[in-house]
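The values are calculated or read from the model by the stated rules, or taken from the named source; none is laboratory data. Quick caveat: nothing in here was measured; it's all calculated off a predicted structure. Cβ coordinates were reconstructed from backbone atoms using ideal geometry, including for glycine residues, and neighbour counts include every protein chain displayed.
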Amino acid sequence: MTSDTAAPLIEFRGVYKAYDNGTKALTDVNLKINKGEFVFVVGASGAGKSTFIKLIIHEEKPNAGEIIVGDYKLSRLRRRQVPKLRRTMGIVFQDFRLIRNMTVFENVAFAMRVVGASKKDIRKRVFYALNIVGLNEKARNYPDELSGGEQQRVALARALVNNPSMIIADEPTGNVDPTMSYEIVDLLTEINKRGTTVIMVTHEHQLVRDFGHRVVMIENGMIVADNAGFAREDGEKAPITLETAVFDDVKNTADAESVPAPAGQADDEAALAIDSGFVLTEPQPTKEASDDETEEL
Ligand SMILES: Nc1ncnc2c1ncn2[C@@H]1O[C@H](COP(=O)(O)OP(=O)(O)OP(=O)(O)O)[C@@H](O)[C@H]1O
Ligand SMILES: [Mg+2]
């Protein structure tokens, strides 16, 4: 592990986000994600996961607090710097967002064209990216001719093609079958091993259990659990009990029926989770968000 690996790539400092209609989506979020980490973001529907992602990619702005992404302090980011920020990220959404009248090759190439890459580089990198996701042979096909899992792999190739320092994925496995979900997280794990930081929102409990990456849990806009520093230290998988404890708290999510929480085990599991290095934070009192609370670096 190099010293570079330990530098925070993303940092949230006292971040509050309320939407214009008054919905408080995030409350006093404090978090560091280091270079090279793989972080699952979990929590019930409406908890604030997508808001968290939208703040990282600067699609939404916080009402208070500071967000730092790589070299950028987002409160100071000028409009013309947004594309530069986004170039450091590969973004993957649940609904793939491929361009229907472009082939697989063109969809991936498009991400390079918009940043002004040469034809030669485009050809080389697009096939490299398609090869990683196992879709070289589908280069000439259109998105409608592919399965959901294949379409999502194209989206992943597109996210990868500009060699971003991080992949940000909001429920990338939400529209694909369980086998393909595993393949996608496997791929993301491989990409992560090559040094790319991965942040992935998911509802799939089994995936989180099986892959043993860091898990950040958001509930009512607050981070209520984070096993930072545990799963990633020695590269070993976190014990199953860790995630089981996490998911006792998300029984109400749409797909939670598939993982019934055994009655009476929650406390034991929470205790085990704490023993395992799981940090459980107390909910913070609600504070009114205001711009002048923004902290300096
Ligand atoms: N554009 C918006 N305007 C107003 N309220 C919003 C907006 N987007 C999200 N919200 C609200 O903010 C809260 C957090 O929403 P968010 O989309 O971050 O949840 P989520 O954890 O991603 O949920 P899901 O698992 O269903 O995708 C919810 O109460 C939601 O209704
Ligand atoms: Mg969401």
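Per-structure values
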{"item": "Answer from Val82, Val42, Val69 - the residue that is more than 10 Å from ligand 1 (Cβ to nearest atom), buried (at least 16 other Cβ atoms within 10 Å of the Cβ) and of a type in the set (A, V, I, L, M, F, W, C)", "result": "Val69"}
{"item": "Close pairs from segment 179-198: first in contact (Cβ under 8 Å) with a residue 40 or more places away in the chain, partner of a type in the set (Phe, Trp, Tyr), Cβ under 7 Å, at least 6 apart", "result": "Thr189/Phe38; Thr189/Phe211; Asn192/Phe38; Val198/Phe38"}
{"item": "Residue that is nearest to Thr196 (Cα to Cα), among those in segment 10-23 that are away from ligand 2 (no atom under 16 Å from the Cβ) and touching a residue at least 24 places away in the same chain (Cβ under 8 Å)", "result": "Ile10"}
{"item": "Subset of segment 24-65 [β-branched (Val, Ile, Thr), under 23 Å from Arg209 (Cβ atoms) and either within 16 Å of ligand 2 (Cβ to nearest atom) or free of Cβ contacts under 8 Å to residues at least 12 places away in the same chain (or both)]", "result": "Val39, Val41, Val42, Ile53"}
{"item": "Every pair of residues 6+ apart whose Cβ atoms lie under 7 Å, when the first sits in segment 97-125 and is surrounded by 14 or more Cβ atoms within 10 Å (Cβ to Cβ) while the second is of a type in the set (S, T, N, Q) and part of a helix (DSSP H, G or I)", "result": "Leu98/Asn107; Leu98/Gln151"}
{"item": "Residues that are assigned to a strand (DSSP E or B) and either over 20 Å from the mean Cα position of the chain (by Cα) or under 20 Å from Gly48 (Cα atoms) (or both), drawn from segment 66-81", "result": "Glu66, Ile67, Ile68, Val69"}
{"item": "Sole residue being assigned to a loop (DSSP other than H, G, I, E, B), within 16 Å of ligand 2 (Cβ to nearest atom) and surrounded by fewer than 20 Cβ atoms within 10 Å (Cβ to Cβ), chosen from Asn163, Asn141, Asn175", "result": "Asn175"}
{"item": "All positions within segment 144-154 that are outside any loop (DSSP other than H, G, I, E, B) and of a type outside the set (A, V, I, L, M)", "result": "Asp144, Glu145, Gly148, Gly149, Glu150, Gln151, Gln152, Arg153"}
{"item": "Qualifying residue in segment 52-65 (condition: in contact with a strand residue (DSSP E or B) (Cβ under 7 Å, 6 or more places away or on another chain), surrounded by fewer than 19 Cβ atoms within 10 Å (Cβ to Cβ) and assigned to a strand (DSSP E or B))", "result": "no"}
{"item": "The one condition in (1) at pLDDT 95 or above; (2) within 18 Å of Val216 (Cα to Cα); (3) not aliphatic (A, V, I, L, M) that Asp20 fails to fulfil", "result": "(2)"}
